[in-house]
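Peer 1: Below is the structure I would like to discuss, written out as C-alpha cells.
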Amino acid sequence: MNIIKQIPSKQTYIVRQPVLRKGKPIESCIFEGDDLKDTYHFGLYEADELIGIISLFTKINSIFAEKSKATIRGMTILE
C-alpha cells in the first residue's frame, strides 16, 4: 500500500540525488528555500521505502488575485 506523508527537507535528498542530480554531490540537492516555514515536503512510500517526493514552495505573484501561490519543485519518483 502506498502512503503519502510530510517529511523534512533532508529526506528528499535520497530521491532528488539519483534522479535530479545524478553524479553530483548530495549538497546539490539542497534547494533555496527548502527549510523555510512555508515550504512543505511530502514523500510517497511503498511499504516502508521512500520512492517519491514533492516539494511545495510558497511564492508571491502580484499578477494573481490570491497573493500566495505554491510552486512545485523537485517532484520525482525513483525508477
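Peer 1: Report, by residue number, each residue of region 33-57 that is without any contact (Cβ under 8 Å) to a residue 40 or more places away in the chain, within 18 Å of LEU78 (Cβ to Cβ) and touching a Ser or Thr at 6+ places or on another chain (Cβ under 9 Å).
Peer 2: Selection gives HIS41, PHE42, GLY43, GLY52, ILE54.
Peer 1: If you take the residues of region 34-72 that are closer than 20 Å to VAL19 by Cα and surrounded by fewer than 15 Cβ atoms within 10 Å (Cβ to Cβ), which of them is modelled with the lowest pLDDT?
Peer 2: THR71
Peer 1: Return a yes/no flag: does region 3-16 have any residue that is surrounded by 15 or more Cβ atoms within 10 Å (Cβ to Cβ), small (Gly, Ala, Ser), part of a helix (DSSP H, G or I) and out of contact with any helix residue (DSSP H, G or I) (no Cβ under 7 Å at 6 or more places or on another chain).
Peer 2: Looking for residues that are surrounded by 15 or more Cβ atoms within 10 Å (Cβ to Cβ), small (Gly, Ala, Ser), part of a helix (DSSP H, G or I) and out of contact with any helix residue (DSSP H, G or I) (no Cβ under 7 Å at 6 or more places or on another chain), one finds at least one in region 3-16, hence yes.
Peer 1: For region 18-32, give me each residue that is touching a helix residue (DSSP H, G or I) at 6+ places or on another chain (Cβ under 6 Å) and either within 14 Å of THR76 (Cα to Cα) or not in a helix (DSSP H, G or I) (or both).
Peer 2: Keep residues of region 18-32 that are touching a helix residue (DSSP H, G or I) at 6+ places or on another chain (Cβ under 6 Å), which gives 21, 26, 29.
The answer is ARG21, CYS29.
The values are calculated or read from the model by the stated rules, or taken from the named source; none is laboratory data. Quantities reported herein were computed from a predicted structural model and do not represent experimental measurements. So basically every Cβ, Gly included, is an ideal-geometry build from the backbone, and we count neighbours across all protein chains shown.
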